[in-house]
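Only one structure is covered here, and it is reproduced in the block below.
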Amino acid sequence: MSGLIEGLPDHVAIMCLARVPYYLYPKLKLVCHSWRAIFQSLELFKVRQEVGSTEDLLCVCAFDPENLWQMYDPLRDLWITLPVLPSKIRHLSHFGVVSTAGKLFVIGGGSDAVDPLTGDQDGRFATNEVWSYDPVVRKWATQAPMLVPRAMFACCVLNGKIIVAGGFISYRKAISQSEMYDPEKDEWIQMPDLQCTHNSACSGVVIGGKVHVLHKGLSTVQVLDNGGPPRWTVEESGWLQGPMAVVGGGLYVMSHGFIFRQDKGAKEVACSAFEFQKRIGIGMVGVGEDLYVIGGVVGPDLWNWNVGPLADVDILPLGGFRLWRKASPMSRCRGTILGCTALRI
């Protein structure tokens with residue numbers, strides 16, 4: 001008699017349960033104590049990888065409501081709401097967000113809250129706090145803080161490690177420091193400084209197995225060379241400016257009403273994106289072979305002065321016939337996208 005499924009050995013029962021979609025876990029945990037334990041165990045998630053039943057989910061945080069994240073299940077066109085991020089910083093924004101080791105990480109950033117009467121900020125421009133969300137136990141937890149507080153910085157994952165670089169520690173002070181986080185050891189270590197800083201926000205992408213840091217307004221990128229001792233080199237890229245995402249190892253940029261595939265020294269049009277030209281503050285991210293454009297705010301034009309937050313989700317398949325399609329809108333979040341990333345569990 002098995003403790004999980006009658007008539008089956010536990011190791012076989014676990015292989016069966018590992019094929020159950022993630023969105024059903026909350027209901028299945030109510031079946032019995034043994035099922036609750038297995039659906040909150042790392043063992044089950046390891047078996048999911050072994051049997052090829054992992055799922056790619058989209059994690060999104062928007063300006064409204066405050067500090068709330070949602071996950072989107074592409075196969076079922078379903079939104080799942082996470083517990084509110086328990087940071088004491090109101091309207092946490094300008095943070096870095098990535099996923100690795102089966103967890104979602106929200107790193108650094110500061111407050112985007114403004115007093116409607118005085119116009120004052122909440123008083124926290126940059127923090128070094130680090131949060132992780134574990135989909136196994138469905139809880140947020142604090143991790144080791146960064147060595148340096150920062151906001152509006154580059155943040156990406158390379159070989160399972162999180163790399164952060166650049167950003168700001170105050171309104172006027174940009175920094176060049178970079179550091180690396182090991183999720184297994186819960187430890188940050190100092191990395192070489194960027195070659196140069198710039199008084200603008202920066203972002204990071206991994207292309208060809210290398211971290212690329214791009215400052216807004218500059219035509220150069222700084223590349224982390226791991227061939228020997230780690231060091232940053234400056235390269236002329238000529239990359240287009242605009243929302244960008246990596247899909248299938250390729251870099252895609254939204255610019256001038258088109259989605260471009262951007263390679264070093266060359267670019268090609270992937271698809272039209274004229275319908276998004278009136279939207280600002282969108283999120284753009286790759287999930288599997290699809291490109292997602294999420295949320296944002298409709299800006300005013302000559303015929304319509306209304307400004308409204310959006311919960312829309314548009315998907316462009318890049319692996320086949322390229323035709324935009326609508327997904328279910330975010331069920332709770334709307335407006336400017338503060339962070340989005342894909343999570344594989």
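Data table
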read-out: The stretch 1-53 - charge dipole about Cα centre, Lys and Arg +1 at Cβ, Asp and Glu -1, debye rounded to 20; value: 240 debye
read-out: Restricting the stretch 221-329 to chymotrypsin sites (Phe, Trp or Tyr not before Pro) in coil, as DSSP defines it, with at most 11 other Cβ within 10 Å; value: 303, 305, 321
read-out: Residue order, fewest to most beta carbons within 10 Å, for 297, 285; value: 297, 285
read-out: Full-extension gain in nm, residue 275 to residue 33, via 0.36 nm per residue minus C-alpha separation; value: 82.1 nm
read-out: Bins of 10 Å, starting at 0 and running to the largest distance - Cα pair percent for the chain; value: 5, 23, 32, 25, 10, 3, 0, 0
read-out: Three-way shape call for the stretch 1-53 based on the alpha-carbon gyration tensor, with the a/c threshold at 1.5; value: oblate
read-out: Cβ-based net charge around residue 63, under 11 Å, with every Lys or Arg adding one and every Asp or Glu removing one; value: -2
read-out: Calculated from backbone phi, Karplus (6.51, -1.76, 1.60) coupling profile of the stretch 275-292 in Hz, x at Gly/Pro; value: 5, 9, 5, 8, 9, 10, x, 6, x, 9, 8, x, 10, x, 9, 10, 9, 10
read-out: Per-residue ³J(HN,Hα) for the stretch 230-240, Karplus 6.51 cos²θ - 1.76 cosθ + 1.60, θ = phi - 60°, Hz, x for Gly and Pro; value: x, 7, 9, 10, 9, 10, 6, 10, x, 5, 5
read-out: Sum of side-chain charges, residue 109 neighbourhood, beta-carbon under 10 Å (Lys, Arg +1; Asp, Glu -1); value: 0
read-out: Environment charge at residue 74 (Cβ cut-off 9 Å; Lys +1, Arg +1, Asp -1, Glu -1); value: -4
read-out: Residues residue 186 and residue 84, FRET efficiency given R0 of 25 Å [Cβ-Cβ distance, rounded to 0.05]; value: 0.65
read-out: When each of 161/264; 185/326; 27/326 is checked by Cα-Cα distance, pairs over 31 Å; value: 185/326
read-out: Per-pair calculated FRET efficiency, R0 = 22 Å: residue 170 and residue 231 via Cβ, rounded to 0.05; value: 0.20
read-out: Per-pair calculated FRET efficiency, R0 = 22 Å: residue 6 and residue 41 via Cβ, rounded to 0.05; value: 0.65
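We did not get these values from a lab; they are worked out from the coordinates using the rules stated. Quantities reported herein were computed from a predicted structural model and do not represent experimental measurements. Ideal geometry is used to build each Cβ from the backbone, glycine not excepted, and the neighbour counts take in all protein chains shown.
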